[in-house]
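Taking it in order: structure first as structure tokens, then the write-up.
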Amino acid sequence: MEWKPEAIVRRDCRQINVGGVKIGGKAPISVQSMTSTDTLDIEGTLLQIRNMYEAGADLVRVSVPSMAASEAFGKIVKASPVPLIADIHFDYRIAVDCAGRGAAALRINPGNIGSHERIEAVCQAAKDHGLPIRVGVNAGSLDHDLLKKYGAPTPDAMVEAALRAATTLDDHDFEDYAFSVKASELNLCVEAYEKLALATDAPLHLGITEAGGLMSGTVLSSIGISWLLKQGIGDTLRVSLAADPVEEIKVGWAILKSMHLRSRGINITACPTCSRHGIDVVGLVSELERRLADVRTELNIAVMGCVVNGPGEALHSDVAVCGAANGKCLIYEKGQMVGKIPCEEAADRLESRVRSLVLEQKTSLS
């Protein structure tokens with residue numbers, strides 16, 4: 001009997017709807033990112049959004065720092081393939097304006113929006129247009145009184161900041177909100193989410209903020225986010241990287257796939273290679289990732305350097321290749337060896353078989 005991991009039991013929470021994407025209430029965990037372009041550059045921003053969509057983004061957040069940017073945001077919304085979240089700080093009028101220009105949700109910090117009347121105006125605009133609000137708490141921008149009370153950013157300080165914001169929204173009869181409590185320090189961030197998960201039934205947006213560049217940020221985000229997901233905590237996520245936001249989407253999906261929480265596209269298992277390898281594993285994996293980036297059907301490919309572990313991995317793969325001797329490699333399908341071919345033909349053969357399997361699956365479902 002094949003071993004399977006124990007299913008993760010998701011945390012119970014209420015649900016919000018972000019432009020048709022449901023978050024919380026056991027809905028699939030959504031993957032999102034944020035544009036890094038100037039929002040006034042409408043075409044450049046749309047290009048980035050479309051690239052993120054192609055990579056698998058369920059939602060995209062766009063910074064809206066001015067009324068001019070809000071006008072541009074409205075035009076971007078009309079052409080976007082995914083729901084857009086307007087990210088606003090300080091000026092409540094921008095939030096009100098974005099709500100009327102097609103935003104799927106608002107991301108605000110009630111602490112910097114201003115007076116009771118201004119928060120009331122934002123909540124009313126969100127209600128009028130049926131929009132949820134994400135309250136974003138960041139360890140680097142806690143209120144001064146909380147820093148004085150706790151002496152430094154701590155998990156308790158971050159949770160108190162979130163619950164304080166919730167009280168503000170609740171006082172305005174607004175309950176359609178989600179939280180994030182992000183920090184760049186891994187353990188601080190994780191503990192804040194763990195404590196907040198016990199203190200609220202609101203959906204939680206996961207992320208390790210300012211995690212770093214592509215490699216270091218991927219490592220920190222993968223550890224922190226998967227640590228929380230394993231506990232059933234988290235309803236949507238963003239992997240924050242100092243890199244192309246498309247990479248954030250790719251890493252987010254890789255995390256969810258590795259945790260068996262969502263599936264999409266090709267999963268490639270590959271050995272780290274050693275002196276026994278009879279095929280260019282690194283080059284072949286890179287080539288297959290490039291060629292098969294458009295595939296959305298879930299399929300498993302194994303690329304193994306030699307026959308030590310190759311046949312075993314092939315048993316669990318739809319298609320597999322294993323380096324052999326004399327410039328040859330073995331090809332497997334559904335665990336069965338189907339032939340031996342020159343190594344230089346491996347990329348073509350695997351791509352052909354994957355696309356055939358995708359077509360067969362689509363035909364069987366039609």
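Largest first, the residues THR35, THR167 sort by 1.4 Å accessible area into THR167, THR35.
When the accessible area of the chain is split by element with a 1.4 Å probe, what percent falls to carbon and sulfur? The C+S portion of the solvent-accessible surface of the chain is 52 percent.
Sequentially through segment 13-26, phi angles give Karplus couplings (6.51, -1.76, 1.60; θ = phi - 60°) of 7, 6, 10, 10, 10, 10, x, x, 8, 7, 10, x, x, 6 Hz, Gly and Pro residues having no value and appearing as x. The calculated FRET efficiency for the pair VAL295 and MET67, based on their C-beta separation and a Förster distance of 56 Å, comes to about 0.85. Largest to smallest in accessible area, the residues GLU333, GLU6 fall in the order GLU6, GLU333 (1.4 Å probe, all protein chains included). Taking every pair of alpha-carbon atoms in segment 91-177, what share in percent sits in each 10 Å bin, from 0 to the bin with the longest distance? Per 10 Å bin, starting at zero, the Cα-Cα P(r) for segment 91-177 comes out as 18, 48, 26, 8, 0 percent. The number of Lys pairs in segment 131-284 with C-alpha atoms less than 28 Å apart, excluding pairs fewer than 8 positions apart on the same chain, is 12. Rounded to the nearest 20, the Cβ-based charge dipole of segment 161-296 about its Cα centre (Lys and Arg +1, Asp and Glu -1) stands at 740 debye.
Close amide H pairs (under 5 Å, H built 1.01 Å from N) link ALA302 with THR269, VAL319, ALA320, VAL321, residues at least 5 positions away or on another chain.
Backbone amide hydrogens, once placed in the peptide plane, bring ASP87 within less than 5 Å of VAL62, SER63, VAL64, ARG107, excluding anything fewer than 5 places away on its chain.
Between LEU147 and ALA7, take the C-beta separation as r, use R0 = 45 Å, and let me know the FRET efficiency to the nearest 0.05. After rounding to 0.05, the efficiency reads 0.65. Counting only residues at least eight positions apart within a chain, or on another chain, there are no lysines with an alpha carbon under 17 Å from that of LYS75.
Give the shape of the chain as rounded, prolate or oblate, defined through the alpha-carbon gyration tensor: a ≥ b ≥ c are the square roots of its eigenvalues, a/c under 1.5 means rounded, and otherwise the shape is prolate if a/b is larger than b/c and oblate if not. Prolate, since a/c reaches 1.5 and a/b exceeds b/c. A dipole drawn for segment 172-283 from +1 and -1 charges on Cβ atoms has a positive end, and of HIS172, VAL190, ALA270 the residue lying farthest that way is ALA270. Summed over the residues of segment 251-339 and divided among them, the accessible surface reaches 49 Å² per residue at a probe radius of 1.4 Å.
Annotation: amide H-H contacts under 5 Å for THR297 (H modelled 1.01 Å from N, sequence separation of 5 or more, or interchain): GLY265. Solvent-accessible area per residue in segment 1-154 equals 48 Å², computed with a 1.4 angstrom probe and all protein chains kept.
These residues, GLU160, GLU175, go from largest to smallest accessible area, 1.4 Å probe, as GLU175, GLU160. About its Cα centre, the chain has a charge dipole of approximately 840 debye under the convention of +1 per Lys or Arg Cβ and -1 per Asp or Glu Cβ, with nothing else charged.
The phi-based Karplus calculation (6.51 cos²θ - 1.76 cosθ + 1.60; θ = phi - 60°) puts the 3J(HN,Hα) values of segment 355-362 at 5, 5, 5, 4, 5, 5, 5, 5 Hz, whole numbers, x for Gly and Pro. Modelled this way, with points 7 Å down the Cα-to-C-beta line, the labels at LEU186 and LEU47 are 3.6 nm from one another. Simple spin-label estimate for ASP171 and GLN361 gives 5.1 nm between the two label positions (7 Å along the Cα-to-Cβ direction from each Cα).
Backbone geometry of segment 181-198 corresponds, through the Karplus equation with coefficients 6.51, -1.76 and 1.60 at θ = phi - 60°, to 3J(HN,Hα) couplings of 9, 9, 8, 7, 7, 4, 5, 4, 5, 4, 5, 4, 5, 4, 6, 5, 4, 7 Hz, x marking Gly and Pro.
GNM, the chain, Cα, under 10 Å: largest mean-square fluctuation among ALA86, ALA162, ALA325? Sorting by GNM fluctuation, first place goes to ALA325.
Restricting to Cα pairs below 8 Å that are 6+ residues apart, what does the relative contact order work out to for segment 143-217? Please round to a whole percent.
31 percent
Between ARG93 and MET337, the FRET efficiency from the beta-carbon distance, with R0 = 41 Å, is close to 0.05.
The values are calculated or read from the model by the stated rules, or taken from the named source; none is laboratory data. Everything quoted here is computed from the prediction, not taken from an experiment. For neighbour counting, all protein chains shown are included, and Cβ atoms are generated from backbone atoms with ideal geometry for every residue, glycine included. When the accessible area is computed, the model is the full protein with side chains, heavy atoms only, and any ligands, DNA or RNA have been set aside. Shrake-Rupley method; radii C 1.70, N 1.55, O 1.52, S 1.80 Å.
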